[in-house]
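Undergrad: Pasting a structure below so you can have a look.
The values are calculated or read from the model by the stated rules, or taken from the named source; none is laboratory data. A quick note: this is a predicted structure, and the numbers were derived from the prediction, not measured. Quick reminder, even Gly has a Cβ in these numbers, built from the backbone with ideal geometry, and neighbours come from all protein chains shown. Side chains are part of the model used for accessible areas, which takes the heavy atoms of the whole protein and leaves out ligands, DNA and RNA. Shrake-Rupley method; radii C 1.70, N 1.55, O 1.52, S 1.80 Å.
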Amino acid sequence: MRSYHLAFWLIFILTNPFMFVVAQQKSIDQKVDSVLRLMTLDEKIGQLNQYNDDWIATGPVTVDSDKSNQIRNGQVGSLLNCLGVERTAAWQRIAMQSRMKIPLLFGQDVIHGFKTTFPIPLAEACSWDPEAMKLSAQIAADEASASGIHWTFAPMVDIARDPRWGRIMEGAGEDPYLGSVIAKARVEGFQGDKLGGLNSVMACAKHFAAYGAAIGGRDYNSVDMSDRMLWETYLPPFKAAADAGVATFMNSFNDINGVPATGNKYLQREILKGKWNFSGFVVSDWGSIGEMINHGNVKNDYEAALSAITAGSDMDMESRCYKNNLAKLVNDKSVPIALIDDAVRRILVKKFELGLFDDPFRFCNAEREKKALNNPEHPKTARQIAAKSIVLLKNENQLLPLSRNIKTIAFIGPLVKAVKQNKGFWDVDLPGVDSNFIVSQWEGLQNKVGETTKLLYAKGCEIEGNNTDGFAEAVNMAKQADVVILSIGERRDMSGEAKSRSNICIPGVQEDLLKVLLATGKPVVVLINAGRPLVFNYTADHAQAILYTWWLGSEAGNAIADVLFGDYNPSAKLAVTFPRSVGQIPIYYSHFSTGRPASSDDNHNYNSSYLDESIFPKYAFGYGLSYTSFAYSNLHVSAATINRNEQIVASVSVTNTGKYEGEEIVQLYLRDKVGSIARPVKELKDFRKVLLKVGETKTIKFIIDNEKLSFYNQNLEWVSEPGDFELMIGASSEDIRLKGAFQLVD
Ligand code: BGC
């Protein structure tokens, strides 16, 4: 491969005088200028055109059999869904036959791992561990880049407060602060210190913007949102990604207040490229430029291309609107060439930064690919991060962790022996790689227990459907066991893109299976596998122990076994509120007080409550148990008043009062008591994850500065206002352990 590269490069330089000139220039900007000057309009438009390879489509594939010729003619700037060095190198070789020899960019949805699959992003978010998330992104980038990929369409930083929306699995949950911390970590993980590192890929903050607020939780649906909600809740993670240097943005399928995001000048030109000074490029979502015709905002492809390029969408993913219309739009003088140049420039800069002009094949090393995809350290890390993502929701009578002396365990349920299900939605299906490396839950438990423990298995039922024929066998197994572990939930394709559900209860007869198992009198630990918060009131109220395992990836089985037996003490906390019923949606902790707040479920005296449902969630944002317990004490707030240039330090002592070493996620919430705009009842402003040995106490310090007290006022100015603030420190958004107060003065 290497000698091939050298030879190629020599021929490349010698046969390409343009590139020789380019190589003489100094800065990337100068190099891009030189390239741009040499390009025809058709070649420029080619750079803005992205096609799918021949498989893995999430939308209608519009590419015809002429793809190779188009690449050879410089009419394609990027491909997505090409997997493996062999294939990417083959396409790149064709690109090198084009007049300008501009390398192709290879993009891929590397959402939660490449070959090594990490927990789905929402699960990982529950670890509240930015370093862990950075690491999983780093490993994904290492594997993907070794496989010829330059660019991941991740992280998805959409705030989501509606679990009916299947793509809630792909983000970091409901909170703008936590979402921003995670956005930064993931961008840094994917991109490394600087674009161009061999082990990194370009990241892409998506979907810009407000895609997660689709009305009714129905994917691709419209979004109707106030500017203030947009700025306060939905934009912060995007801003955090931009500040972290994310190379690209992807716009979204939805319209916002009637204007499709893809043709939205306010979002892309004014906010992103204007106010935020974003210098990377924006790719459309799959076909979203053409879809503006369906939205009813443009008449045809020609108008769609005009709207998108004017609004700041630089690259067209798979709609062909740019390819078929931009030249005409320029010739008709509807689109100034400067707009095209700006879009091309943004893309070329990234190709230079990635080093592709130096060596278009630098990510095409088959040896490195083999090594990276078989790195034994990657599964080890995936196992640790998976364990960190499991949320312990209930643990009656300290049923967990299980003792190693248990004689017989009945492991029951439709997901026990499932293999690929553990990967969740948005895994990467690598050609030629079988599923052997995925550790099923059955295997994980087998790996864990010694010879003295007998494992019994029954499927019990399917995930969906009404068939209860398997119940008798399951009950029979349960009766022979000391403890039952029941693994139930969703199929992995029940959450994800285009996987909205109006009923988010645990499907089929799975909770009925739990009922008959509980009737045996045996203690039951329930594992809930899902891509979203489900509704499972029966399980929540009756099972003795519940672990919300989400979809944990290739090491799911081992990680679950680690937690079941206490080799890892669960520390995760929910990054999203769990409702009791679909009727409560949207439900999130940082709501306003309202003029008639309800404080309990007992009083419906013309207040903001439901007659037939609690106003409280089943599980609150920030909730999650440990095998140990933590006491909070000694809240100290360093000053009673501060001005805008000062800081307050809030310190608190946290003690491990239980029997196991464990980690606690200590959460700081603030409430601005009186504002010119109503302020939420509480907002997460900081958190710390702290490891404590049995009996150990640590003091945690939170620094509160003017930034943490600021919000968007009525004119959308970022300001703080003098007045009283309440400070809350707790183990969840509901479980506030200590409260303090201070005042901001002018
Ligand atoms: C999704 C994007 C994804 C793209 C490419 C679209 O359907 O919305 O998130 O990156 O497909 O696969």
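Undergrad: Which numbered condition trips up residue 456, out of (1) open to solvent by 10 Å² or more (accessible area, probe 1.4 Å); (2) out of contact with any Ser or Thr (no Cβ under 7 Å at 6 or more places or on another chain)?
TA: With (1) open to solvent by 10 Å² or more (accessible area, probe 1.4 Å); (2) out of contact with any Ser or Thr (no Cβ under 7 Å at 6 or more places or on another chain) applied to residue 456, the lone miss is (2).
Undergrad: Filter the range 322-345 for residues that are assigned to a loop (DSSP other than H, G, I, E, B), open to solvent by 20 Å² or more (accessible area, probe 1.4 Å) and under 24 Å from residue 248 (Cα atoms) and give the result.
TA: As a first pass, look at the range 322-345 and keep what is assigned to a loop (DSSP other than H, G, I, E, B): 332-336.
Filter again for open to solvent by 20 Å² or more (accessible area, probe 1.4 Å), leaving 332-334, 336.
Within the range 322-345, just 336 meets the criteria.
Undergrad: Determine whether the range 196-212 contains at least one residue that is in contact (Cβ under 8 Å) with a residue 24 or more places away in the chain, of a type in the set (D, E, K, R) and open to solvent by 20 Å² or more (accessible area, probe 1.4 Å).
TA: Checked against the condition, which is being in contact (Cβ under 8 Å) with a residue 24 or more places away in the chain, of a type in the set (D, E, K, R) and open to solvent by 20 Å² or more (accessible area, probe 1.4 Å), the range 196-212 yields no hits at all.
Undergrad: While we're looking at this one, here's another question. Just to check your reading of the model, which residue among 114, 153 is over 12 Å from the mean Cα position of the chain (by Cα) and not acidic (Asp, Glu)?
TA: 114
Undergrad: Which count do you get for residues in the range 682-711 that are more than 26 Å from the chain's Cα centre (by Cα) and of a type outside the set (Asp, Glu)?
TA: Total satisfying the criteria: 15.
Undergrad: Looking at 282, 223 in this structure, which one is β-branched (Val, Ile, Thr) and under 26 Å from residue 105 (Cα atoms)? Show your work before the answer.
TA: Values: 223 fails: under 26 Å from residue 105 (Cα atoms).
Step by step, each of 282, 223 is checked, and only 282 is β-branched (Val, Ile, Thr) and under 26 Å from residue 105 (Cα atoms).
Undergrad: One residue is enough: does the range 177-184 have a residue meeting the conditions open to solvent by 10 Å² or more (accessible area, probe 1.4 Å), touching a residue at least 24 places away in the same chain (Cβ under 8 Å), assigned to a helix (DSSP H, G or I) and among the small types (Gly, Ala, Ser)?
TA: Taking every residue of the range 177-184 in turn, at least one turns out to be open to solvent by 10 Å² or more (accessible area, probe 1.4 Å), touching a residue at least 24 places away in the same chain (Cβ under 8 Å), assigned to a helix (DSSP H, G or I) and among the small types (Gly, Ala, Ser).
Undergrad: Hey, among 138, 97, 75, which residue is farther than 28 Å from residue 587 by Cα and touching a strand residue (DSSP E or B) at 6+ places or on another chain (Cβ under 7 Å)? Spell out the reasoning first.
TA: Values: 138 fails: touching a strand residue (DSSP E or B) at 6+ places or on another chain (Cβ under 7 Å); 97 fails: touching a strand residue (DSSP E or B) at 6+ places or on another chain (Cβ under 7 Å).
The match here is 75.
Undergrad: Determine which single condition residue 65 fails, assuming it passes every other condition in (1) within 30 Å of residue 190 (Cα to Cα); (2) at pLDDT 55 or above.
TA: With respect to (1) within 30 Å of residue 190 (Cα to Cα); (2) at pLDDT 55 or above, residue 65 is out only on (1).
Undergrad: Still on this structure, please answer the following. Name the residues in the range 243-253 that are open to solvent by 20 Å² or more (accessible area, probe 1.4 Å) and within 17 Å of residue 349 (Cα to Cα), would you?
TA: Restricting attention to the range 243-253, the residues satisfying the condition of being open to solvent by 20 Å² or more (accessible area, probe 1.4 Å) are 243-245.
Across the range 243-253, the qualifying residue is only 245.
Conditions (1) in contact (Cβ under 8 Å) with a residue 24 or more places away in the chain; (2) more than 17 Å from residue 351 (Cα to Cα), marked per residue:
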residue	(1), (2)
73	yes, yes
78	yes, no
83	yes, yes
86	yes, yes
90	no, yes
95	yes, no
107	yes, no
110	yes, yes
113	yes, yes
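Undergrad: Here's a check for you: in the range 421-441, which residue that is in a loop (DSSP other than H, G, I, E, B) and open to solvent by 50 Å² or more (accessible area, probe 1.4 Å) is nearest to residue 496 (Cα to Cα)?
TA: 429
Undergrad: Could we say that residue 686 is part of a strand (DSSP E or B), open to solvent by less than 40 Å² (accessible area, probe 1.4 Å) and either modelled with pLDDT of 95 or more or in contact with a strand residue (DSSP E or B) (Cβ under 9 Å, 6 or more places away or on another chain) (or both) here?
TA: yes
Undergrad: Still on this structure, please answer the following. Quickly run through the range 459-479 and pick out the residues that are in contact with a strand residue (DSSP E or B) (Cβ under 6 Å, 6 or more places away or on another chain) and either assigned to a loop (DSSP other than H, G, I, E, B) or open to solvent by 80 Å² or more (accessible area, probe 1.4 Å) (or both).
TA: 460, 473
Undergrad: Taking the options 650, 620, name whichever one is among the small types (Gly, Ala, Ser), open to solvent by less than 70 Å² (accessible area, probe 1.4 Å) and closer than 15 Å to residue 728 by Cα.
TA: Residue meeting the stated conditions: 650.
Undergrad: Can you name the residue in the range 80-122 that is within 20 Å of residue 438 (Cβ to Cβ) and more than 16 Å from the ligand (Cβ to nearest atom) and is also surrounded by the fewest Cβ atoms within 10 Å (Cβ to Cβ) among such residues?
TA: 84
Undergrad: Restricting attention to the range 500-557, report how many residues are in a loop (DSSP other than H, G, I, E, B), of a type in the set (S, T, N, Q) and open to solvent by less than 40 Å² (accessible area, probe 1.4 Å).
TA: 3
Undergrad: Evaluate the following for residue 496: is it closer than 20 Å to residue 531 by Cβ, at pLDDT 95 or above and in the same structural domain as residue 544 (by TED's automatic domain parsing)? I'd like the intermediate steps shown before the answer.
TA: Values: closer than 20 Å to residue 531 by Cβ: yes; at pLDDT 95 or above: yes; in the same structural domain as residue 544 (by TED's automatic domain parsing): yes.
When the stated conditions are applied, residue 496 passes them.
Undergrad: Which one of these is at pLDDT 95 or above, within 16 Å of the ligand (Cβ to nearest atom) and either in a helix (DSSP H, G or I) or within 22 Å of residue 349 (Cβ to Cβ) (or both): 319, 307, 313, 288?
TA: Only one candidate qualifies: 313.
Undergrad: Among the candidates 598, 639, single out the residue that is out of contact with any Ser or Thr (no Cβ under 8 Å at 6 or more places or on another chain), in a loop (DSSP other than H, G, I, E, B) and at pLDDT 95 or above.
TA: 639
Undergrad: A further question on this structure: (1) buried (at least 24 other Cβ atoms within 10 Å of the Cβ); (2) under 12 Å from residue 282 (Cβ atoms); (3) more than 14 Å from the ligand (Cβ to nearest atom): which one isn't true of residue 271, the others all being true?
TA: (1)
Undergrad: In the range 254-268, what count of residues is obtained for those that are in a strand (DSSP E or B) and surrounded by 24 or more Cβ atoms within 10 Å (Cβ to Cβ)?
TA: Of the residues in that region, 1 qualify.
Undergrad: Failed condition for residue 567, given (1) acidic (Asp, Glu); (2) outside any loop (DSSP other than H, G, I, E, B); (3) within 29 Å of residue 700 (Cα to Cα), with all others met?
TA: Answer for residue 567: the failing condition is (2).
Undergrad: If I ask for residues that are outside any strand (DSSP E or B) and modelled with pLDDT of 95 or more, which ones from the range 718-746 would you list?
TA: The answer is 720, 721, 722, 731, 732, 733, 734, 735, 745.
Undergrad: With the structure loaded, tell me whether residue 137 is open to solvent by less than 30 Å² (accessible area, probe 1.4 Å), within 16 Å of the ligand (Cβ to nearest atom) and at pLDDT 95 or above or whether it fails that test.
TA: yes
Undergrad: Quick test of your reading of the structure: residue 262 fulfils all but one of (1) within 12 Å of the ligand (Cβ to nearest atom); (2) farther than 13 Å from residue 207 by Cβ; (3) among the β-branched types (Val, Ile, Thr). Name the failing condition by number.
TA: Of everything listed in (1) within 12 Å of the ligand (Cβ to nearest atom); (2) farther than 13 Å from residue 207 by Cβ; (3) among the β-branched types (Val, Ile, Thr), residue 262 misses just condition (2).
Undergrad: Of all residues being open to solvent by less than 20 Å² (accessible area, probe 1.4 Å) and touching a residue at least 60 places away in the same chain (Cβ under 8 Å) in the range 215-230, which is nearest to the ligand (Cβ to nearest atom)? Just the residue, please.
TA: 219
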